[in-house]
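Comments concern the structure below.
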Amino acid sequence: MLTQARILNWLRATEPARLEVLWRLADAVRRAHVGDAVHLRGLIEISNVCVRLCGYCGLRAPNRAVERYRMSSDEILACARQARDFGYGTVVLQAGEDPALTCEFVAEVVRRIKRETGLAVTLSLGERPREELAAWREAGADRYLLRFETSNGPLFDAIHPPRGAREGEPRDASRNGAGLATRLDQLRALRELGYEVGSGVMIGIPGQTYADLARDIALFRELDLDMIGCGPFLPHPATPLGREALADEHASEPSKGRPAPDDQVPGSELMAYKVIALARLVCPRANIPSTTALATINPTRGRELGLSRGANIVMPNLTPTRYRTKYEIYPGKACITEDAAACNHCLSRRIESIDRVVGQGPGGSPNWRARMGGES
Ligand code: SAH
């Protein structure tokens with residue numbers, strides 16, 4: 001078994017010949033457990049309204065520069081039909097924590113998508129009460145994505161002020177990791193409700209150490225995740241964490257209370273591949289995307305290299321172009337001006353260029369099937 005110490009060792013590795021061993025191992029494990037099919041998930045960013053103050057995200061409530069939108073259920077359905085016409089097996093509905101996406105609204109959209117397209121439905125709508133998660137599962141939702149972002153409790157709390165907190169308010173040090181505990185409770189609830197559960201982290205969050213990241217990866221295994229999404233942290237200048245990271249780039253010393261430069265994880269492309277490869281080794285049957293954040297730091301080869309080093313999923317964007325530019329969680333997001341047809345064409349071509357095949361059908365996680373008592 002890959003111990004946390006061994007994981008840490010890989011995260012610190014720099015020698016190309018050694019890393020080649022990791023890439024080969026991850027690729028072999030990927031092929032053995034999830035095969036050569038690359039499943040496409042059509043991403044629909046249904047609302048950029050958000051009540052939260054997450055320190056890294058461009059959609060955080062106080063960012064007045066964002067023009068907010070919310071798609072109607074007819075608009076969402078039109079995107080889902082497009083997904084079906086492109087042959088995708090799944091749509092992912094993602095949004096900020098938007099209270100106007102009520103329990104009933106989302107449940108009805110899920111029912112319509114299931115009825116009218118038969119596609120698998122993944123939700124990624126942030127932290128929501130258990131009753132709502134239950135109602136959506138009942139309505140037919142298959143999967144839920146909620147990253148825990150970091151397993152370092154104080155760091156989690158520092159970058160996720162509780163719901164109802166106000167900008168500029170001093171931080172409540174007595175929370176003591178309560179925010180992370182709440183998030184892990186949500187993941188547990190999703191599992192109990194029978195969802196395929198996805199989580200993951202950002203790589204290179206200011207304050208994230210190598211030891212933190214090794215623990216994150218060990219936690220993927222403990223949580224027995226069905227899906228694991230990880231990408232580099234990309235500083236957004238309209239966020240506190242983004243401003244801090246951008247200032248640090250030009251400073252000779254780290255900010256107060258931050259790890260020594262040797263301990264701080266870089267939000268680099270190489271580190272992202274290491275995390276994808278290690279995630280594949282600790283959770284062989286999970287579905288692992290080659291993320292848009294990775295494609296953003298290496299637009300020419302990022303997606304392909306992610307797929308060659310452990311990943312088996314990509315998420316073409318289906319959000320109508322007029323909304324897409326407004327869903328700016330980080331700046332310079334890949335494919336921001338492309339339309340859905342262009343994304344579809346480009347991604348299929350990239351998959352074929354590395355001798356892989358576009359997956360057919362819903363492409364559920366073999367890990368989930370095994371857990372639910374089916375074949376693996
Ligand atoms: N509101 C939902 C969806 C968030 S967007 C939720 O909180 O779950 C999905 C993911 O984008 C987040 O989980 C986060 O890991 C990532 N993300 C947000 N801001 C980012 C940034 N500045 N750089 C890199 N990834 C970011």
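Entry remark, segment 324-335: residues being under 22 Å from Glu97 (Cα atoms) and more than 14 Å from the ligand (Cβ to nearest atom) number 1 in total. Here Tyr330 passes the criteria (1) assigned to a loop (DSSP other than H, G, I, E, B); (2) within 12 Å of Leu40 (Cα to Cα); (3) of a type outside the set (Gly, Ala, Ser) except the one numbered (2).
For segment 157-190, the set of residues classified as without any contact (Cβ under 8 Å) to a residue 24 or more places away in the chain, in a helix (DSSP H, G or I) and among the charged types (D, E, K, R) consists of Asp157, Arg175, Asp185, Arg188, listed by residue number.
On the stretch given as segment 258-282, residues that are assigned to a loop (DSSP other than H, G, I, E, B) and surrounded by fewer than 24 Cβ atoms within 10 Å (Cβ to Cβ) total 9. Selection of first residues in segment 44-69 that are farther than 17 Å from Leu125 by Cα and of second residues that are of a type in the set (Lys, Arg) and within 9 Å of the ligand (Cβ to nearest atom), restricted to Cβ pairs under 6 Å at least 6 apart or on distinct chains, gives an empty result. In the set (1) farther than 18 Å from Leu8 by Cβ; (2) within 16 Å of the ligand (Cβ to nearest atom), the condition left unmet by Ala279 is number (1).
Taken over segment 97-140, the criterion of being buried (at least 17 other Cβ atoms within 10 Å of the Cβ), among the hydrophobic types (A, V, I, L, M, F, W, C) and within 16 Å of the ligand (Cβ to nearest atom) is satisfied by Leu101, Val106, Val121, Leu123, Leu125, Leu133, Trp136.
Checking each residue in segment 97-131 for being in a loop (DSSP other than H, G, I, E, B) and of a type in the set (S, T, N, Q) picks out only Thr102. Considering only segment 9-27, I want to know if a residue exists there that is among the hydroxyl-bearing types (Ser, Thr, Tyr), surrounded by fewer than 18 Cβ atoms within 10 Å (Cβ to Cβ) and part of a helix (DSSP H, G or I). Checking segment 9-27: not a single residue is among the hydroxyl-bearing types (Ser, Thr, Tyr), surrounded by fewer than 18 Cβ atoms within 10 Å (Cβ to Cβ) and part of a helix (DSSP H, G or I). Within segment 82-96, being within 11 Å of the ligand (Cβ to nearest atom) and of a type outside the set (Gly, Ala, Ser) holds for Val92, Leu93, Gln94.
Ser199 falls short on exactly one of the conditions (1) crowded, with 24+ Cβ neighbours inside 10 Å; (2) away from the ligand (no atom under 12 Å from the Cβ); (3) polar (S, T, N, Q), and that condition is (2). Mind listing just one residue for me: the one in segment 205-241 that is part of a loop (DSSP other than H, G, I, E, B) and more than 9 Å from the ligand (Cβ to nearest atom) and, of those, farthest from Leu278 (Cα to Cα)? Top of the filtered list is Ala238. From the set of residues in segment 34-67 that are among the aliphatic types (A, V, I, L, M), part of a strand (DSSP E or B) and within 13 Å of the ligand (Cβ to nearest atom), which is surrounded by the most Cβ atoms within 10 Å (Cβ to Cβ)? If we take residues in segment 34-67 being among the aliphatic types (A, V, I, L, M), part of a strand (DSSP E or B) and within 13 Å of the ligand (Cβ to nearest atom), then Ile46 is surrounded by the most Cβ atoms within 10 Å (Cβ to Cβ). Does segment 319-332 contain at least one residue that is within 21 Å of Gly89 (Cα to Cα) and surrounded by 21 or more Cβ atoms within 10 Å (Cβ to Cβ)? Yes, because at least one residue in segment 319-332 is within 21 Å of Gly89 (Cα to Cα) and surrounded by 21 or more Cβ atoms within 10 Å (Cβ to Cβ).
Coordinate-derived values only; no laboratory data. Nothing here was measured: the structure is a model prediction, and the numbers come from that model. In this analysis, Cβ positions are derived from the backbone assuming ideal geometry, glycine residues included, and neighbour counts consider all displayed protein chains.
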